[in-house]
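Structure first, commentary second.
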Amino acid sequence: MRFLGTQIVSYPLLYQIKQFWPECHLRVVAQDAVSQHYLNLPWVDAFTQADKLPAVYRAMDGSADLVIALHFASEKYGIAALLKRPTFRLGFKNKRVTDFVWTHSHRKDFSEYMGLANLRVLAAFKDFDPAQVARRCVQALAELEGPALATAPPDLAPVSDATTYPLSVNESGTQSFGAFDANAPLVVLMPGGGAGDYKRWPIEHYVALADLLKSTLMPQARFCFVMGPDEAEQHRWLQSLERRDFVYLMTRPLADIAKAVMDAELVVANDCGPSHLAQFAGVPYVGIFHESNREWFWTRETSLDVLPQDGTTEIKNVRPEQVLQACRQVLSRVASTDPQHGSKG
């Protein structure tokens, strides 16, 4: 649970728990020191780091009515739930000894998007539409004001205007902002790759894609790059291009990223944490992968994944023209079901 994406895929579940039971005390228990990813969320009341079974047992409040275990490969959560015996025990069935512990469960399928699977664990107990809940969660994040969420330095405040995005943040923390024509289509590009370069589509390919989109599908498009500390070099190179149609959400709160995603006509991303906000929002989405990974890609009408076509697992071998074709297909699908989509362009 060290990477941001692993935390974000649990956010819609936490959101929906509070929608069902607004007065409940919601504690997140995780084996790693990731409290900063949860305690700024309005739906989480407490966080406990617990690695070994005794610590997990102590963290599981004896007065709890409901326990949800999202860890599908360890027996310790099932054992702790069996010993503490909360009234309702929710978890994944994954051919483990403790599968019998769960009063409500969802069978683990490694070809199912993890964010959707997490929601289906709760839906086994109380029914709801996972796609609607996921989108409402992103909308709720976009509406947050106040403390920065998850990835932002504490001295950077969220942007209050959803049509205005930060151009840059320099080393001293000073921000400059740029406003765009709100009627021009927004394309959000996410070149992050905290897990390593093998997941990162080259930044030059993103620029080539932007040019292809402008020359074919979206001549008036504006492009918002979502970037973090690992993309500092790419950020500097992009700035050197002095493109007036480029702006940057550089090391920004998740609330700012959620605002951009909710405004987007299209999101293109390689496998990175913020990409899950786009997938949850249900906006037209193209994911670029070095190899197929259904656990991290929500297969739906609004999305397509793109892989290398040369038999390798080199993400740099995915051509911008391939991604453009996927963008064309996704936008066509959305337009056929939602005539209002694309009206900004």
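Key figures for this structure:
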item: Counted residues, the stretch 40-50 - those being of a type in the set (A, V, I, L, M, F, W, C), in a loop (DSSP other than H, G, I, E, B) and under 25 Å from LYS126 (Cα atoms); result: 3
item: Count - residues of the stretch 279-294 that are in contact with a helix residue (DSSP H, G or I) (Cβ under 8 Å, 6 or more places away or on another chain) and either farther than 18 Å from THR337 by Cβ or not small (Gly, Ala, Ser) (or both); result: 10
item: Residue list for the stretch 1-37, filter: modelled with pLDDT under 95, crowded, with 18+ Cβ neighbours inside 10 Å and either assigned to a loop (DSSP other than H, G, I, E, B) or of a type in the set (Lys, Arg) (or both); result: VAL34
item: Tabulated pairs, the stretch 103-123, first touching a residue at least 12 places away in the same chain (Cβ under 8 Å) and over 26 Å from THR87 (Cα atoms), second buried (at least 23 other Cβ atoms within 10 Å of the Cβ) and of a type outside the set (Ser, Thr, Tyr), C-beta under 7 angstrom, 6+ apart or interchain; result: TYR113/TRP298
item: Contacts under 7 angstrom Cβ, first residue in the stretch 247-262 being over 14 Å from PRO185 (Cα atoms), partner among the polar types (S, T, N, Q) and modelled with pLDDT of 95 or more, 6 or more apart; result: none
item: Residues of the stretch 224-281 classified as under 11 Å from the mean Cα position of the chain (by Cα) and of a type in the set (Ser, Thr, Tyr), total; result: 1
item: Pairs with Cβ under 8 Å, 6+ apart, first in the stretch 270-297 and in contact (Cβ under 8 Å) with a residue 24 or more places away in the chain and surrounded by 24 or more Cβ atoms within 10 Å (Cβ to Cβ), second among the acidic types (Asp, Glu) and not in a helix (DSSP H, G or I); result: PRO284/GLU265; VAL286/ASP305; ILE288/ASP271; ILE288/ASP305
item: Conditions (1) surrounded by fewer than 17 Cβ atoms within 10 Å (Cβ to Cβ); (2) in contact (Cβ under 8 Å) with a residue 12 or more places away in the chain; (3) in a helix (DSSP H, G or I): number failed by TYR77; result: (1)
item: Enumeration of residues in the stretch 122-144 that are touching a helix residue (DSSP H, G or I) at 6+ places or on another chain (Cβ under 7 Å), surrounded by fewer than 17 Cβ atoms within 10 Å (Cβ to Cβ) and in a helix (DSSP H, G or I); result: GLN139
item: Answer from ASN170, ASN118 - the residue that is modelled with pLDDT of 95 or more and not acidic (Asp, Glu); result: ASN118
item: Test for LEU14: is it in contact with a Ser or Thr (Cβ under 9 Å, 6 or more places away or on another chain) and either assigned by TED's automatic domain parsing to the domain that holds PHE280 or of a type outside the set (Lys, Arg) (or both); result: no
item: Residue within the stretch 300-314 that is in the same structural domain as GLU204 (by TED's automatic domain parsing) and part of a helix (DSSP H, G or I) present; result: no
item: Contacts under 7 angstrom Cβ, first residue in the stretch 183-210 being under 16 Å from GLU321 (Cα atoms), partner assigned to a loop (DSSP other than H, G, I, E, B), 6 or more apart; result: TRP201/PRO191; TRP201/VAL318; ILE203/PRO191; TYR206/PRO191
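The values are calculated or read from the model by the stated rules, or taken from the named source; none is laboratory data. What you see is a predicted model, and the numbers here were worked out from it, not measured in a lab. Methodologically, a virtual Cβ is constructed for each residue, glycine included, from the backbone with ideal geometry; neighbour enumeration extends over all protein chains shown.
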